[in-house]
1. What are the ³J(HN,Hα) couplings of region 252-261, residue after residue, when phi is run through the Karplus curve with 6.51, -1.76, 1.60 and θ = phi - 60°? Round to Hz, x for glycine and proline.
2. Can you work out the Karplus-derived ³J(HN,Hα) for every residue in region 145-153? Use 6.51 cos²θ - 1.76 cosθ + 1.60 with θ = phi - 60°, whole Hz, and x for glycine or proline.
3. What angle, in degrees between 0 and 90 and rounded to the nearest 10, separates the Cα long axis of helix 206-219 from the longest principal axis of the Cα atoms of the chain?
4. Sort LEU66, LEU207 so the one with the fewest other Cβ atoms within 10 Å of its own Cβ comes first.
5. Can you list residues from other chains, or at least 5 along the same chain, whose modelled amide H is less than 5 Å from the amide H of ILE26?
6. How do THR43, THR236 rank when sorted from fewest to most other Cβ atoms within 10 Å of their own Cβ?
7. Please work out whether the chain counts as rounded, prolate or oblate from its C-alpha gyration tensor, where a ≥ b ≥ c are the square roots of the eigenvalues and a/c under 1.5 means rounded, while otherwise a/b larger than b/c means prolate and anything else oblate?
8. Would you pull out the residues with amide H under 5 Å of SER31's amide H, same chain only if 5 or more places away, H placed 1.01 Å from N?
Amino acid sequence: MSPSPEVKLKEIAEALQRARLDKNPIPQFTSQMPDFSLEDAYTVQNICRESDIGAGLSIAGYKMGLTSKAKQRDVKVFEPISGYLTDKMELPLGQPMETASRIHPRVEPEIAVVMKTAVTGAHRITDLIGALEFVGPAIEILDSRYRDFAFRLPDVVADNTSASGFILGTTNYLNRLDDLPFLGVTLMKNGEVLETGAPAAVLGNPLISLLQLVQTLEKRNQRLEAGQVVLTGGITASISVKAADWIEMTMPSSVIRFPVI
Ligand code: OOG
Ligand code: MG
């Protein structure tokens, strides 16, 4: 007798959690299970989220992904996706990023938001602004649990959208949100500029990505809480990192710089 769909999804979640712990990449599920759907994938993500909470982690916030053309082209998946962030994923500014706990890490520049208050029922960007504490630069650390960092849409959603870590900058653009889309970003590795961009790459304005997240959470009967962090999505393609690299992201009046060990 083949396992019920619920059992199968639980097994997928366990396989992903094991790959995460053992740092042993696994084949994509869509190549073995052509009927693995996007809805199934969010169920798997939810099972992993509940198991992380059960293991003592707390939800630090959420992330949007594939919200820029650069990112969509990079991974050949052309639809925005969302995932969750745990408190354990946050790396304090200036601390080294370690590779030992990861399979094939990559980093990308993003705009992060920290909520001042919970938010529900937002229809426009202007409905969100009063609820924000911080809008500024961040680096997301990605690590796919799939072999060769290769996946299709349901695979990457099940794998919590490759979430592995994040670093928040300190420069707050809250009082210049009109300029936010046009504040230039550079991403450097070992002193060489590898990617440049502007937050406008993210759906025209990263706050549109935040609005989409708020609306998505509402459909799932969830909401953003005060103090939670949102990563709005990579502005440029991500870059791979290895031990001994130095990573630096600049934006106006802001540098996020750290060594990789
Ligand atoms: C998928 C996660 C996408 C973003 O910001 O677009 C993402 C990946 O690239 O592995 O985090
Ligand atoms: Mg990202």
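FYI, it's all coordinate maths here, none of it is from the lab. Fair warning: this is a prediction, and the values are worked out from it, not measured in the lab. Reconstructed Cβ throughout: ideal geometry from the backbone, glycine too, with neighbour counts over all protein chains shown.
1. Listing the rounded values in order: x, 6, 8, 9, 10, 9, 7, x, 9, 10 Hz.
2. Rounded to whole hertz, the list is 8, 9, 4, 6, 6, 10, 7, 9, 3.
3. 40
4. Numbers: LEU66 22, LEU207 25.
Listing LEU66, LEU207 from fewest to most nearby Cβ atoms yields LEU66, LEU207.
5. Excluding prolines and chain starts, which carry no amide H, the hits are TYR146, ARG147.
6. Working: THR43 19, THR236 22.
In increasing order of surrounding Cβ atoms, one gets THR43, THR236.
7. Working: a/c = 1.72, a/b = 1.26, b/c = 1.36.
Oblate, because a/c is 1.5 or more while a/b does not exceed b/c.
8. Correct list: empty.
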